[in-house]
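What follows is a set of notes on a single structure, which appears directly below.
All of the numbers you see were taken from the coordinates with simple rules; none came from a lab. Note that the structure is predicted; figures quoted are calculated from it, not measured. Note that we place each Cβ from the backbone using ideal geometry, even for glycine, and neighbour counts take in every protein chain shown.
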Amino acid sequence: MRIIAGEFRGLALASVGKGDAGAHLRPTTDRVRESLFSVLTAGKYGDAVEDARVLDLFAGTGALGLEALSRGAECVTFVDDGRKAQSLITENIGKCRAEARCDLMRMDATRLPMNPSEPYDLIFLDPPYTKGLGEVAIAAAIAGNWLTKRALVVWEDSAEITPPDALTLLDTRKYGDTKINFLEPK
């Protein structure tokens, strides 16, 4: 696993091998990340990454948020309650020397409190597949004022998602078993 483009291009991130089933770590592959960021930086969403405040829910290794930071995002807040994930995120932030632009919230993404700072422009939501946790986490993010009015939500899952009433599904892209859904506030 590596950063694909931007400031940290080519940097190898801490590896979890083929994933850590016990910790529910299933890193987004380089190929899917590359396709996703092509859509986010030059697709129909303009450049959704440049100067964005990024919220990475169920952050895992932190690869999605760090890729966004490498490509010009202002800052990233990572949210994960797994000890292995927290360790990997911390290690990867250090590898990128990005401590000043990153925060790690060591908590369950489905139990977000009220947002203590500015809302976020780009939200990555990559919950454990087929457990319904994405629906709970995005509802908590909306209720806690974590999204700007023009936010773009990038929701990765293997099954069909059920967006809350507050969001509109814009597009779904399929990469093997992975579905990337793009949503925005109504």
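Counting lysine pairs in the range 56-186 whose alpha carbons fall under 23 angstrom apart, excluding pairs fewer than 8 residues apart on the same chain, gives 5. Taking the DSSP beta bridges with both ends in the chain, the antiparallel portion is around 45 percent.
Remark: spin-label model distance residue 106-residue 5 equals 3.5 nm, labels positioned 7 Å along the Cα→Cβ axis. Estimated at 0.36 nm per residue, the fully extended path between residue 95 and residue 177 surpasses their Cα-Cα distance by 26.5 nm. When 61, 162 are arranged by Cβ crowding within 10 Å, least crowded first, meaning fewest neighbours, the order is 162, 61.
Neighbour counting of Cβ atoms within 10 Å sorts the residues 104, 64, fewest neighbours leading, into 104, 64. Given a Förster distance of 41 Å, report the FRET efficiency between residue 117 and residue 159 from their Cβ-Cβ distance, rounded to the nearest 0.05. The computed FRET efficiency comes out at 0.80.
Taking the Kirkwood radius as the inverse of the mean 1/r across Cα pairs, report the Rg/Rh of the chain.
Radius of gyration relative to Kirkwood radius: 0.91.
Among 107, 114, the order by Cβ neighbours within 10 angstrom, fewest to most, reads 114, 107. Between residue 149 and residue 15, the simple spin-label model (points 7 angstrom out along Cα→Cβ) gives 4.8 nm. Gyration tensor over the Cα atoms of the range 75-153: the corresponding equivalent ellipsoid has semi-axes (square roots of 5 times the eigenvalues, largest first) of 21, 17, 11 Å.
The range 58-93 and the range 166-186 have Cα centres lying 21 Å from one another.
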